[in-house]
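To keep things clear, I will list the structure first and then write my remarks on it.
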Amino acid sequence: MQTDCNPALFEFPPVGGRDVVASFDGGAITSDAGALLLGQTDRAIRLTERFASCFADTRTAELVEHPVETMVMQRVVGIALGYEDLNDHDQLRRDPVLAVLAGKLEAQRSDCAPLAGKSTLNRLELSRAEPTRYHKVSHDPAAIESLFVDLFLEAHTKAPKQIILDLDATDDPLHGNQEGKFFHGYYDCYCYLPLYIFCGRHLLAAKLRRSNIDGAAGSVEEVARIVAQIRRRWPRTRILLRGDSGFTRETLMAWCEANRVDYVFGLARNDRLEKAIIPELITATIESIRTGRTARCFKDFSYTTLDSWSRERRVIGKAEVTGGEANPRFVVTSLKRSEAGARHLYEKTYCARGDMENRIKECQLDLFADRTSTATMQANQLRLWFASMAYVLLCALRRIGLAHSQFADATCGTIRLKLLKLGALVRVSVRRIKIAMASACPWQDEFALAHVRLRNAIG
């Protein structure tokens, strides 16, 4: 006897003598239930509320369906959840968990969804410094830049004795006709050249720049702004700048020396520098031949350029021989010899800057900070700030909710995969909203721990 075929059911091979069928009739289900932790983190540090306060909204209040704070939350949380495109929000605008985070289960108008779609969010990203007839929402770049430093300062319960600010420039490849694009010979592509400043895992600045400039261009202004803001809160904290040879510029070093800021920068090698460490290279070569392994020696000496430096400075030369090949490297620093020996300064202080590259990878690979595909630099800078705020939000979740857990040092991408992308059934009743997450989730203990810690942080 022939069975009736239900076109709404999808049949699969039987298992254990039972038919396997599937259908899209499960009701309100989300794949992002872990976003509830992002909502708690946001309440703890008030990120999206304060970020939204950097925008001015001149729209007619009674006609506004989606407030700026809701749109900012959507964009920041959406990026943290892995939704890089505004197009994604045409589906996310009806997601029940994001609606819970927005505190809005239903739209005021019958022809709207609870959350904003791609067009509304696009107008937010295209906002300008001053509102116009067709751009009613504007933003304050200075206020946004200041907020990054404020969030960093508030993450500490007391002023540290010393902090290290890492500077680095990276490429942001472009594939269209964006404003300000130039071909960069080193990166071999058309790109922007954003400047990042970190303190450990904390992001303090993400400045979008054209690529036809020196890698250190604008660094003095950014560092001066950040240092001034830090010293207003922490006047006695010692500050050390750290960067590669691209930041070894007279203007930056002279500013540091005039403003009680220490530095250690890479120094591009030249014939004079290499000649200065010939005895150490000979010693390292002999040691390498004797042991069959890499050998290195260090030399601590004073050095100045022929005309670009205003004074002599302390330089550390690393004379290293690897596989029979000389590999000399140099750093210049303002630290005194009594404060840091040559080997320790190079191996422990300077080389630790490599970890900053992992932070940039998190921003660009996990949180799409290089998604700068709009036409203007101003809009692309705002996109970079949205991605950067998503990074700050996830770092706060990691710092507050996941400390001393197996995710304490996890990347943003790992936290998203393990704790945020959780399937759940959402049931809405008169009295409560129940989000029933998958019983087989292997990270339930970590989720529960983060929830308790974040709830305590909110107070």
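The values are calculated or read from the model by the stated rules, or taken from the named source; none is laboratory data. Small disclaimer: the values here were computed from a predicted structure and weren't measured. Neighbour counts run over all protein chains shown; Cβ positions are idealised from the backbone, glycine included.
In table form, for the structure just shown:
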{"quantity": "Answer residue from region 171-193, given it is crowded, with 17+ Cβ neighbours inside 10 Å and of a type in the set (Ser, Thr, Tyr) and is farthest from Cys351 (Cα to Cα) among those", "calculated": "Tyr190"}
{"quantity": "Given (1) among the charged types (D, E, K, R); (2) out of contact with any Leu (no Cβ under 9 Å at 6 or more places or on another chain); (3) in the same structural domain as Glu274 (by TED's automatic domain parsing), index of the condition Glu362 fails", "calculated": "(2)"}
{"quantity": "Residue satisfying condition, being in contact with a Ser or Thr (Cβ under 9 Å, 6 or more places away or on another chain) and surrounded by fewer than 17 Cβ atoms within 10 Å (Cβ to Cβ), within set Ala258, Ala319, Ala268", "calculated": "Ala268"}
{"quantity": "Total residues in region 380-408, condition of a type outside the set (A, V, I, L, M) and more than 22 Å from Asn456 (Cβ to Cβ)", "calculated": "7"}
{"quantity": "Residue check, Cys412 without any contact (Cβ under 8 Å) to a residue 40 or more places away in the chain and hydrophobic (A, V, I, L, M, F, W, C)", "calculated": "no"}
{"quantity": "Set Ala342, Ala379, Ala387: member being of a type in the set (A, V, I, L, M) and in the same structural domain as Arg249 (by TED's automatic domain parsing)", "calculated": "Ala342"}
{"quantity": "Matching residues, region 370-395, being assigned to a loop (DSSP other than H, G, I, E, B), in contact with a Lys or Arg (Cβ under 9 Å, 6 or more places away or on another chain) and within 15 Å of Tyr196 (Cβ to Cβ)", "calculated": "Thr372"}
{"quantity": "Among the residues listed as Leu105, Leu92, the single one being surrounded by 14 or more Cβ atoms within 10 Å (Cβ to Cβ) and within 30 Å of Met437 (Cβ to Cβ)", "calculated": "Leu92"}
{"quantity": "Unique match (being free of Cβ contacts under 8 Å to residues at least 40 places away in the same chain and within 36 Å of the chain's Cα centre (by Cα)) among Arg272, Arg296", "calculated": "Arg296"}
{"quantity": "Matching residues in region 132-148 - criterion: being of a type in the set (Phe, Trp, Tyr) and part of a helix (DSSP H, G or I)", "calculated": "Phe148"}
{"quantity": "Any hit, region 149-162, residues being touching a residue at least 12 places away in the same chain (Cβ under 8 Å) and hydroxyl-bearing (Ser, Thr, Tyr)", "calculated": "no"}
{"quantity": "Any helices (runs of 4 or more DSSP H) falling wholly within region 19-126 and containing at least 3 residues that are among the β-branched types (Val, Ile, Thr) and assigned by TED's automatic domain parsing to the domain that holds Val426", "calculated": "68-80"}
{"quantity": "Test: residue in region 149-170 that is part of a loop (DSSP other than H, G, I, E, B), small (Gly, Ala, Ser) and loosely packed, with under 14 Cβ neighbours inside 10 Å", "calculated": "yes"}
{"quantity": "Residue within region 326-340 that is under 30 Å from Gly180 (Cα atoms), crowded, with 19+ Cβ neighbours inside 10 Å and modelled with pLDDT of 95 or more present", "calculated": "no"}
{"quantity": "Long-range neighbours under 7 Å by Cβ, at least six apart or interchain, first residue touching a residue at least 60 places away in the same chain (Cβ under 8 Å) within region 311-323, second surrounded by fewer than 23 Cβ atoms within 10 Å (Cβ to Cβ) and aromatic (Phe, Trp, Tyr)", "calculated": "Arg313/Tyr303"}
